[in-house]
Amino acid sequence: MSDRLYFRQLLAGRDFAAGDPIAAQMRNFAYLLGDRDTGEAIVVDPAYAVDDLLDILAADDMRLTGVLVTHHHPDHVGGEMMGFSLTGLAELLARASVPVHVNRAEAEWVRRTTGVSETDLVAHEHDDLLDVGAVGVRLLHTPGHTPGSQCFLVDGRLVAGDTLFLEGCGRTDFPGGDADAMYTSLQALAGLSGDPVVYPGHLYSAEPSAPLSEVRRQNFVFRPRSLEEWRVMFGG
């Protein structure tokens, strides 16, 4: 499948939305993934400059067939943040009428944040499989940062959103955050087989990706050996 898989990790403020000071400050990653043979592709967490993302797809001879959302925060899907209005899902859907795949627990949060219609959203359960051409994407519900945060497994890659960074994890003190749920989600990710490469939602580390085994060894969020130790370390 690796030869057939189309996969691009794009850093906001550099690879797209160049010159946007908010994008440069937030250091979000967006992802493009799809099937090179069929030309079908989806974008993960489009924000800041959706036209740039669509232009990159077109330059690669790929066509957008859907969107995957890790969670509802405006730096991932657009909306109001820190007094700024960020482009995202709403602007993308104005250019391309495609389904937006969200976890069921996140659907209403995404709708309220972006203003998109409920009919634009496809709600998924944990461990659903989404086919992009012949490329299968496994959807993992990983609550903690938000109620419906989700990660995506595709061909030995774990697109982890703000659930897991190479150093640290997503905050749990925003509305809908849950520190205990984050611990459970991180333990579930740590137990994934096959040592997938972790691709996070932000560049908060020297490297943009790393094998899960390395992240487990070096990331302090995996030091607690129980929920009780987690609560002591992280104030849950």
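The values are calculated or read from the model by the stated rules, or taken from the named source; none is laboratory data. Just so it is clear, the model here is predicted, and its values are computed rather than measured. A quick note on method: Cβ atoms are made from the backbone with ideal geometry, for glycine too, and the neighbour counts reach across all protein chains shown. SASA here: full protein model, heavy atoms, side chains in, ligands and nucleic acids out. Shrake-Rupley method; radii C 1.70, N 1.55, O 1.52, S 1.80 Å.
Just to be sure, is ALA41 open to solvent by less than 20 Å² (accessible area, probe 1.4 Å) and aliphatic (A, V, I, L, M)? Yes: the conditions hold for ALA41. So, ALA107, is that one more than 17 Å from ALA49 (Cα to Cα) and either in a helix (DSSP H, G or I) or touching a Phe, Trp or Tyr at 6+ places or on another chain (Cβ under 7 Å) (or both) or not? Yes: the conditions hold for ALA107.
Selection of region 143-161 for residues being open to solvent by less than 10 Å² (accessible area, probe 1.4 Å), in a loop (DSSP other than H, G, I, E, B) and out of contact with any Phe, Trp or Tyr (no Cβ under 9 Å at 6 or more places or on another chain) yields only SER149.
Take ASP3 and decide whether it is acidic (Asp, Glu), in a loop (DSSP other than H, G, I, E, B) and more than 13 Å from the chain's Cα centre (by Cα). Spelling it out, ASP3 is indeed acidic (Asp, Glu), in a loop (DSSP other than H, G, I, E, B) and more than 13 Å from the chain's Cα centre (by Cα). The set of residues in region 7-32 that are over 23 Å from LEU166 (Cα atoms) and buried (at least 16 other Cβ atoms within 10 Å of the Cβ) comprises ALA17, ASP20. Hey, any hits in region 64-81 for a residue that's open to solvent by 10 Å² or more (accessible area, probe 1.4 Å), in contact (Cβ under 8 Å) with a residue 40 or more places away in the chain and closer than 13 Å to ARG8 by Cα? No, region 64-81 contains no residue that is open to solvent by 10 Å² or more (accessible area, probe 1.4 Å), in contact (Cβ under 8 Å) with a residue 40 or more places away in the chain and closer than 13 Å to ARG8 by Cα.
Checked against the criterion of being touching a residue at least 40 places away in the same chain (Cβ under 8 Å), in contact with a helix residue (DSSP H, G or I) (Cβ under 9 Å, 6 or more places away or on another chain) and in a strand (DSSP E or B), the candidates LEU166, LEU140, LEU130, LEU189 yield just one match: LEU140. Of all residues being part of a loop (DSSP other than H, G, I, E, B) and in contact with a Ser or Thr (Cβ under 7 Å, 6 or more places away or on another chain) in region 82-98, which is surrounded by the most Cβ atoms within 10 Å (Cβ to Cβ)? Just the residue, please. Once the filter is applied, the top-ranked residue is GLY88.
Considering every residue within region 48-62, establish whether at least one is touching a Pro at 6+ places or on another chain (Cβ under 6 Å) and in contact (Cβ under 8 Å) with a residue 40 or more places away in the chain.
There is at least one residue in region 48-62 that is touching a Pro at 6+ places or on another chain (Cβ under 6 Å) and in contact (Cβ under 8 Å) with a residue 40 or more places away in the chain.
Restricting the search to region 8-51, which residues are polar (S, T, N, Q) and either at positive phi or touching a Phe, Trp or Tyr at 6+ places or on another chain (Cβ under 6 Å) (or both)? Result: GLN9, single match.
So for region 204-216 (the condition being touching a Ser or Thr at 6+ places or on another chain (Cβ under 8 Å) and either surrounded by 14 or more Cβ atoms within 10 Å (Cβ to Cβ) or not in a loop (DSSP other than H, G, I, E, B) (or both)), does at least one residue qualify? No, because not a single residue in region 204-216 is touching a Ser or Thr at 6+ places or on another chain (Cβ under 8 Å) and either surrounded by 14 or more Cβ atoms within 10 Å (Cβ to Cβ) or not in a loop (DSSP other than H, G, I, E, B) (or both).
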